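Okay, so here's the structure we're looking at.
The values are calculated or read from the model by the stated rules, or taken from the named source; none is laboratory data. Since this is a predicted model, take the numbers as computed values, not measurements. Cβ placement follows ideal geometry from the backbone for every residue including glycine, while neighbour counts extend to all protein chains displayed.
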C-alpha cells in the first residue's frame, strides 16, 4: 500500500518503512509525527483519490534526525563596476521513516 502525502509545499509518494528527507518539522528526534494531508491512498485499481484530501486517512512517521542540505551559492556581479556579492544558504531538513499508513 502506498500514499501520496503533502508536506512543506511538496508531494511525496511513500510506503511503509520508507526513509525520506523533507522540509524541517518542529519535532524532536525519535518522536512520532502524523501527516493528515493525504492526496492518494491505496494500491493499484483500489486507490482512493482525494478531493483535495482523503478524509480519515493518516500517515504516521518517526523522526530520525535533523540535518542541513548542501550549500547553495548566490553570486551577483556587475560588469566593469568592480562590484560583486556572494551569499550562501543551507536549507534545514528532517529525515523521517514512515511507520504506518492508515486509511
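Going through the stretch 46-76 one residue at a time, which ones are within 28 Å of residue 30 (Cβ to Cβ) and in a strand (DSSP E or B)? Selection gives 58, 59, 60, 61, 62, 63, 64, 65, 66, 67, 68. Please indicate, with yes or no, whether at least one residue in the stretch 54-67 is over 17 Å from the mean Cα position of the chain (by Cα) and over 20 Å from residue 100 (Cβ atoms). Looking for residues that are over 17 Å from the mean Cα position of the chain (by Cα) and over 20 Å from residue 100 (Cβ atoms), one finds none in the stretch 54-67, hence no. Residues in the stretch 77-95 that are within 30 Å of residue 32 (Cβ to Cβ) and outside any strand (DSSP E or B): how many? Summing the residues that are within 30 Å of residue 32 (Cβ to Cβ) and outside any strand (DSSP E or B) in the stretch 77-95 gives 2.
For residue 98, the criteria (1) exposed (fewer than 15 other Cβ atoms within 10 Å of the Cβ); (2) assigned to a strand (DSSP E or B); (3) at pLDDT 95 or above hold in every case but one, which is (1).
Table: residues versus (1) touching a strand residue (DSSP E or B) at 6+ places or on another chain (Cβ under 7 Å); (2) surrounded by 10 or more Cβ atoms within 10 Å (Cβ to Cβ).
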position: 46; (1), (2): no, no
position: 54; (1), (2): yes, yes
position: 57; (1), (2): yes, yes
position: 62; (1), (2): yes, yes
position: 77; (1), (2): yes, yes
position: 80; (1), (2): no, no
position: 86; (1), (2): yes, no
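Cβ-Cβ contacts under 8 Å between residues 6 or more apart (or on different chains), taken from a first residue in the stretch 26-40 that is at positive phi to a second residue that is in a loop (DSSP other than H, G, I, E, B) and modelled with pLDDT under 95, are absent.
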